[in-house]
Amino acid sequence: MFFIFHYLLIIQITIMLKYTLVESSMTVDPHNCVAIVSSPESKDLNDVIDFMIAEGTGLTRPQALAYFEKLTQTVEYFVGQGHRVNTPLIRVRPCISGLFIDKKDVFDPNRHQINVRATAGLRLRMLETNIKVEKVKFIQPVPILEIFTDAITGETNFFGTPGGIGVLKGNLLKFDVTDNQQGVFFASVADPSNETRVEVYSGIKPSEIHFQIPALAAGDYTIAVKSILKSGGTLRKGELEHTISVA
């Protein structure tokens, strides 16, 4: 246990958050900029396990996988029972969205949705003050998708209602709506090649897009914005890091 703790202390000292600056669309001064976290890649479960079993930790891959699975099952069990789970890493709670007609009304899956909400725990929040930053050059601008809101349910970065209104917020979101290569696209997580382009827009700004969510089949989707940022430029794509569920 000492080796694990000592190793994590060393890693914590050397972590570095890289960021780049893009022009802000929220201020009058055209020179104002906002910071965008520059993430060169995404990390999956294999990366997490590889880090856990690094030299000096004393863990094997089967042990790390078993611990991770047991932790996951435990959190699932408690949340499934309606409990809030508060750990140093994350805080998770279940909730129900949708309008109930009166106090005699009951849960109806056609009108109501069970949602699981997760926020950062103390350990992750400590990074906000302890992490070091490094400014890097912004080489290739792409649309930055930060928040998706489903207007019907009021949910953010979680749920989408086919036929309802969706709102995307971020940076560099504006595109040429007359070009079918550009726009907002929903791609099935099960089959990323299966993309559906949004056809109806009520507002397109660099920082915000309002549109009608297509008639999507039930499943999980990623949301992307494709645009050509400058005349004669290449098609650029930016994705929302959150997966959107459609019932």
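Summary of computed values
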read-out: Condition met for Ile209 (aliphatic (A, V, I, L, M) and more than 18 Å from Ile152 (Cβ to Cβ)); value: no
read-out: Top-ranked residue of segment 189-234 - restricted to ones that are over 19 Å from the mean Cα position of the chain (by Cα) and polar (S, T, N, Q), ranked as farthest from Phe148 (Cα to Cα); value: Ser231
read-out: Residues that are assigned to a strand (DSSP E or B), in contact (Cβ under 8 Å) with a residue 24 or more places away in the chain and more than 17 Å from Gly160 (Cα to Cα), drawn from segment 93-126; value: Arg93, Ala118, Thr119, Ala120
read-out: Meets criteria (within 18 Å of the chain's Cα centre (by Cα) and surrounded by 12 or more Cβ atoms within 10 Å (Cβ to Cβ)) for Pro162; value: no
read-out: Residue that is nearest to His112 (Cα to Cα), among those in segment 193-218 that are out of contact with any Pro (no Cβ under 9 Å at 6 or more places or on another chain) and surrounded by 15 or more Cβ atoms within 10 Å (Cβ to Cβ); value: Gln212
read-out: Residue match in segment 169-180 (condition: in contact with a Gly (Cβ under 6 Å, 6 or more places away or on another chain) and surrounded by fewer than 16 Cβ atoms within 10 Å (Cβ to Cβ)); value: no
read-out: Residue within segment 150-164 that is closer than 30 Å to Glu199 by Cβ, aliphatic (A, V, I, L, M) and free of Cβ contacts under 8 Å to residues at least 60 places away in the same chain present; value: yes
read-out: In segment 233-247, the residues that are among the polar types (S, T, N, Q) and not in a strand (DSSP E or B); value: Thr234, Thr243
read-out: Which numbered condition Val136 fails, given (1) open to solvent by less than 70 Å² (accessible area, probe 1.4 Å); (2) touching a strand residue (DSSP E or B) at 6+ places or on another chain (Cβ under 8 Å); (3) over 24 Å from Leu240 (Cβ atoms); value: (3)
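Yes/no matrix, rows are residues, columns are (1) assigned to a loop (DSSP other than H, G, I, E, B); (2) over 19 Å from Ile114 (Cβ atoms):
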position	(1), (2)
Gly58	yes, yes
Gln73	no, no
Gly82	yes, no
Arg91	no, no
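Matching residues to (1) more than 30 Å from Met16 (Cβ to Cβ); (2) acidic (Asp, Glu); (3) touching an Asp or Glu at 6+ places or on another chain (Cβ under 9 Å); (4) at pLDDT below 95:
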site: Gly82; (1), (2), (3), (4): yes, no, no, no
site: Asn115; (1), (2), (3), (4): yes, no, yes, yes
site: Leu124; (1), (2), (3), (4): no, no, no, yes
site: Lys135; (1), (2), (3), (4): no, no, no, yes
site: Ile139; (1), (2), (3), (4): no, no, no, yes
site: Gly154; (1), (2), (3), (4): yes, no, no, yes
site: Phe159; (1), (2), (3), (4): yes, no, yes, yes
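The values are calculated or read from the model by the stated rules, or taken from the named source; none is laboratory data. None of these values were measured; they are calculated from a predicted model. Because the Cβ atoms are built from the backbone with ideal geometry, glycine has one as well, and the counts that use them run over all protein chains shown. Please note that ligands, DNA and RNA were not included when accessible areas were found on the heavy atoms of the full protein model with its side chains. Shrake-Rupley method; radii C 1.70, N 1.55, O 1.52, S 1.80 Å.
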